[in-house]
1. Of P172, T33, M103, which is farthest towards the positive pole of the chain's charge dipole, taken about the Cα centre with +1 and -1 on the beta-carbons of Lys, Arg and Asp, Glu respectively?
2. Quick one: dipole size for the chain, taken about the Cα centre, charges +1 on Lys/Arg Cβ and -1 on Asp/Glu Cβ, in debye to the nearest 20.
3. Just to check, using Stokes-Einstein with a Kirkwood Rh over alpha carbon pairs, what's the diffusion coefficient of the chain at 10 °C and 1.306 mPa s in µm²/s?
4. Pick out which of A117, A104, A26 has the largest mean-square fluctuation in a Gaussian network model of the chain, springs linking Cα atoms closer than 10 Å.
5. Kindly express, to the nearest 10 degrees and within the range 0 to 90, the angle between helix 197-221's C-alpha long axis and the longest C-alpha principal axis of the chain.
6. How far apart, in nanometres, would the label points at L171 and A129 be if each is projected 7 angstrom from Cα along the Cα-to-Cβ direction?
7. Normalise the Cα radius of gyration of the range 152-222 by 2.2 N^0.38 Å (N = residues in it) and let me know the number.
8. Compute the distance in nm between two label points, each set 7 Å from the Cα along the Cα-to-Cβ direction, one at R215 and one at M194.
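Each value in this text was obtained by applying a stated rule to the coordinates, not by laboratory testing. No experiment lies behind these values; they were computed from the predicted model shown. Neighbour counts are summed over all protein chains in view; Cβ atoms, including those assigned to glycine, are modelled from backbone coordinates with ideal geometry.
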Amino acid sequence: MIDQLYILPILLFSVIIHEIAHGWMALRLGDPTAKMMGRLTLNPIPHIDLIGSIIIPLFSLFAAGSVFIAWAKPVPVDPRNFSHYRRDDLLVSIAGPVSNILMALLCSILVILLAAANKSVDALSTPLAEEVVMFLLRMFYGGVYLNIVLAVFNLLPVPPLDGSHVLASLLPGKAAAVYARVGFAGIFLILILMRVPAFSEAFQGVIRGVFQPFRLLIDHFL
């Protein structure tokens, strides 16, 4: 499983960017809580969650050969600072998945540039340089798919995922309040749903559909 470790750096960076995006959008909408608590930083230390950022990814990597899920510490958001609660909560929620789609695009561009450089620059023909380039290519190409998985997963309309805030913004007030009470118990529902073949196949189908244009972009230039 050691050869799969290339995915861990981009995984950690991607979940951190996801949380920074939430905090940045909240700041734009009048809530400085994340900024005041030092969470609008690329320094990974304030974002690392011992279980979600380290233990779960490593366990799934060595137990199953791939990383299924990971997360950083959620950024603190105080919705009392929003001028339009529903609208602003929706914007803050979708900022995370949108950041992952943008990360997928960035990773695609880096794959294209690295592959082109590997073909055209003689200095990269040394064994060590080739190994470094191949590691980076695998990491960034894996980062494309990984960020799409993160975006699609977080948009599932199950608390406490970002998609639950999107759905709650569309529900009547009382229904939204009841729905929000599901809280972190929704994680168990997600785990159950992922074991239902029809749901799992639909989930994978959405991921493949979103991944397709990124793959075509890379193939077009390579």
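1. P172
2. The dipole magnitude comes to about 640 debye.
3. Roughly 84 µm²/s, to the nearest whole number.
4. Of A117, A104, A26, the Gaussian network model singles out A117 as fluctuating most.
5. 50
6. Computed distance between label sites L171 and A129 equals 5.7 nm.
7. On the way: Rg = 15.7 Å, N = 71, 2.2 N^0.38 = 11.1 Å.
Relative to the rule-of-thumb radius for its length, the range 152-222 sits at 1.41.
8. It works out to 2.2 nm between the two label points.
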